[in-house]
Amino acid sequence: MNTSDELAALLRHFGREGCSQEPLYVALCGLAAESDSALALLAEAPPEQRKPNLLLAALHERVLAGAAPELAAYYRSAGGERAPDTGLAAALAACLVREWPALVDHLRHGATQTNEVARGAALWPALGAVAAATGVRDVALLDFGCSAGLNLGIDQFALRYQTDDGAWHARGPARDGVRAEVESRWLSATRPPPHTGWRIASRDGLDTAPVDVADPAGLRWLQACLWPHDARRRERLSRAAAQLRALPHTLTQAGDCIAAIEPWLAHLPAGVQPVLLTSWVLYYLSEADIARLRATVDRLALRHGLAWICGELPALSAQAHEPPPLPALPPGEVAASATLWTLRHRDAGRIAERALAWSHPHGRWLHWLG
Ligand SMILES: C[S@@+](CC[C@H](N)C(=O)[O-])C[C@H]1O[C@@H](n2cnc3c(N)ncnc32)[C@H](O)[C@@H]1O
């Protein structure tokens, strides 16, 4: 059990190190660390979820629901323009008192569930690499730890990569003001690969707690997990959600998602290439479950040709080899959460693995290794 002092220290640390680009959150973390009610609220979360960003997402959700007008004045996401000032403490206190039951519910049962479609900057060429490696163009995509499953719409997003010379390279469908737009700095010397003709034949997601984008409360929770100032991420999420609603897909809740992979394979039509995607989900699995997932995927690769695109922290994604060296990053970018994308598949009856790319965890930059 954390003491109030420990929770206050956690909030102060997050305010200093975890959200320095969001002045509102820096101020809220400082105030929450001094507030008995805010500390009691954080203590409501199960120990593994007792994180400042869950508290901040819960407050943000109340703001987006229109239930915290005093706080909304400070949230760009709710049209607020007020910079953090001496009135923020009273606004926080009022929200904590009035919205206590809803806030406690978020802390007890919620989890910050980022579903970042800009990871598609890496997923798009990775699907091309699968098609090149297997010779099959029709992909059956299974997104494991899919959150709302937004990455299942990867072929519908307008992507563009900016190379060092400042030129933009568009991939996927053209921008039309409606599609989700993904932009990424392309750090490799080679140009972004062209489309190789792969198609997504079916789209399925698995999660212990999938989010239904047709449910306004579910979508609001995803928005609440974003930082309030970030209008571009907010718009990308809304657009990707609208696109996914229009696409045939399934999202399945499973207590044991690893056990659900083989039954999924059994129902695929002949001639499609099954592809398992994991992006920023292994981080949440126990060591035993990661080992079980790896053994399951290798068995299914050998027996059914399952290919695995894995975008995670390097210690989690690289199995066969040491991670390749990181590229020189653009100014202001840090290597701490760099994501290593790997492809593991059956090749001549054996398991082959290679590193495909390094990327920013939210796709802001990409170093394609091929
Ligand atoms: C950070 S989100 C990543 C979502 C998505 N893959 C993406 O790249 O945006 C992590 C997701 O993993 C899910 N998750 C956590 N533990 C899981 C498990 N044991 N099996 C399957 N999904 C899990 C969470 O519910 C959450 O939706």
Sort the following peptides by mean Cβ neighbour count (other Cβ atoms within 10 Å, averaged over residues), highest first: 69-77, 286-294, 12-20, 151-159. 151-159, 69-77, 12-20, 286-294
Using the Cα atoms of the range 219-298 to build a convex hull, what is its mean projected area in square nanometres? 7.3 nm²
Folded to 0 to 90 degrees: helix 120-134 orientation relative to the chain principal axis, Cα: 20 degrees
Rounded to the nearest 10 degrees, what's the angle between the helix 4-13 long axis and the longest principal axis of the chain, both from Cα atoms, 0 to 90? 60 degrees
Jot down the radius of gyration and Dmax of the chain, Cα atoms only, both in angstrom. 21.2, 67
What is the local net charge at Ala328, summed over the other residues whose Cβ is closer than 13 Å to its Cβ (Lys, Arg +1; Asp, Glu -1)? -1
With only Lys, Arg, Asp and Glu charged, each at its Cβ (+1 for the first two, -1 for the last two), find how big the charge dipole of the range 276-370 is about the Cα centre; round to the nearest 20 debye. 360 debye
Once both label points are put 7 Å beyond Cα along the C-beta direction, the Glu333-Gln21 separation in nm becomes 1.2 nm
Using alpha carbon centers only, the range 52-122 is separated from the range 270-317 by a whole-angstrom value of 34 Å
Size-normalised alpha-carbon gyration radius of the range 56-99, reference 2.2 N^0.38 Å: 1.00
Toward the positive end of the charge dipole of the chain, about the Cα centre and with charges on Cβ (Lys, Arg +1; Asp, Glu -1), which of Leu366, Leu39, Ile200 goes farthest? Ile200
Options Leu28, Tyr74, Leu107, ranked by Cα towards positive dipole end of the range 4-109, top entry (Cβ charges): Tyr74
Going by alpha carbons, how many degrees (0 to 90, nearest 10) lie between the helix axis of 23-34 and the longest principal axis of the chain? 60 degrees
Given the convex hull over the Cα atoms of the range 4-109, what projected area results after averaging over all orientations, in nm²? 5.8 nm²
Return the percentage of antiparallel bridges among DSSP beta bridges fully within the range 117-368, rounded to the nearest 5 %. 40 percent
Using the per-residue mean of other Cβ atoms lying within 10 Å as a proxy for protection, in what order, highest first, do the peptides 183-196, 102-115, 322-335 fall? 102-115, 183-196, 322-335
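A short reminder: the numbers here are calculations on the coordinates, not readings from a lab. Here the structure is a predicted model, which is why all the values come from computation and not from measurement. Glycine gets a Cβ as well: all are built from the backbone with ideal geometry, and neighbour counts include every protein chain shown.
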